[in-house]
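Each reported figure results from applying straightforward, stated rules to the coordinates on display, with no laboratory input. Small disclaimer: the values here were computed from a predicted structure and weren't measured. Reconstructed Cβ throughout: ideal geometry from the backbone, glycine too, with neighbour counts over all protein chains shown.
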Amino acid sequence: MNNDITKRGSLIERLLFPRTQKLRISYHVLFWVLFILLHYSYALPTILKKNADPTVTIASFFYFLKIVPEYYICVGLYYLLRNYIKGFLLFLVLFILALAINHMFSVVLYRGVDYYLGLENMTERYRMFANMYLAPFNLRDPNTWLVISSDISEVQFFILPAALKTAKFAANERFIRQKIEDDARNMELKALKSQINPHFVFNVLNAAYAKVLPVSEDAAEYLQKVSEILRFSLYEMNDEFIKLETELAYMNLYIELESMRSNRRCHINVEQHGEVKDSYRVPTVSLITLVENAFKHGVHSTRHDSFVDILVNVSNSLLMFEITNSKPSQPLRSKSGSGGIGLANLERRLGIYYPGQYKVKKSETETEFNVSVQIPVG
């Protein structure tokens, strides 16, 4: 039963989200051909009254064809403005811009028809609207308000493609969230299969701590920090979001542990600025993912000296987290930088939690790798 659901979901996903650009373009072309033919069929009775005059047919066809560039311009404006304007204000601005774009294209269309085909060859209704659009724009003229009402009525052509775009966006969000939930479920299942009773682990670590302490305080301290990280992993990582203060505490603990592991050959610098309020939340293990990548691909990939610089800045309910690590000149493994699956998964999570509200920047040189993340925490 579950396999059937997965297969059906995969088929729907392939239909909604074509894998190749060529197929995606084909979908768009097919939709607009059907869209124009559907609306064009409503104009056929009027066109036939002119004895199928080809000039009337061409003019009517271009009347509906102009909707295509208008729509894609509005979509482009949406993607441009959504990072700066939100909610109803975004809708209002896009609506006004759609009216202006439709008016501009209508004027260009009517001027082109008048110049190349002649308005005198068009239907009476076509000539009436053309004359209104080509007349000087004057708010005191009643015809100007008729033009504005006509622009408003023509914006309705955008409803169907916009609705399909919205439905596709919602489906995409659902598929992404479902994939993340499936991945998390699979990871949880693997963890359960290999899970040891945590109380037993704590008892072993405490016993080891008591045995090792008289011999080496450093080794005992290391075991103690391992125990604290284990406790965090078992009891603090059950929710999608965690207090920023707790995440930073876990990060600092992890850094101390990695510093001891690297035999102090790694220079670590952590700077923190701004007030961390109790209400601030971040996705669980989001920051530690970046720190872990830096140590894994930068510090533990070489036996030479290395560095990790971390900057945490909290201001106006925004968290700016930046981490820079050295890149090994002769890595022990065939990897470079601190990219990888962890960073890719983190970007996917941020895209779901903070659509249009987060920033992730990556840069690298021959000697270092840098990642900066900005997310809202308030």
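Peptides 281-290, 241-250, 307-316 ranked from most to least packed, by the mean per-residue count of other Cβ atoms within 10 Å: 281-290, 241-250, 307-316.
For the residue pairs 66/361; 225/296; 327/359; 225/359; 86/243; 179/327, the C-alpha atoms sit more than 30 angstrom apart in 66/361; 225/359; 179/327. In terms of the Cα gyration tensor, with a ≥ b ≥ c the square roots of its eigenvalues, is segment 217-327 rounded because a/c is under 1.5, prolate because a/b exceeds b/c, or oblate? It is oblate, given that a/c is not under 1.5 and a/b is not larger than b/c. Averaging the Cα positions of each part gives two centres, and for segment 88-111 and segment 258-301 these lie 49 Å apart.
Need one word for segment 76-184: rounded, prolate or oblate. Basis is the Cα gyration tensor (sqrt eigenvalues a ≥ b ≥ c); a/c below 1.5 gives rounded, then a/b vs b/c decides. Here segment 76-184 falls in the prolate category. For segment 53-131, the pair-distance distribution built from all alpha carbon pairs, in bins 10 Å wide starting at 0, is 17, 40, 23, 15, 4 percent.
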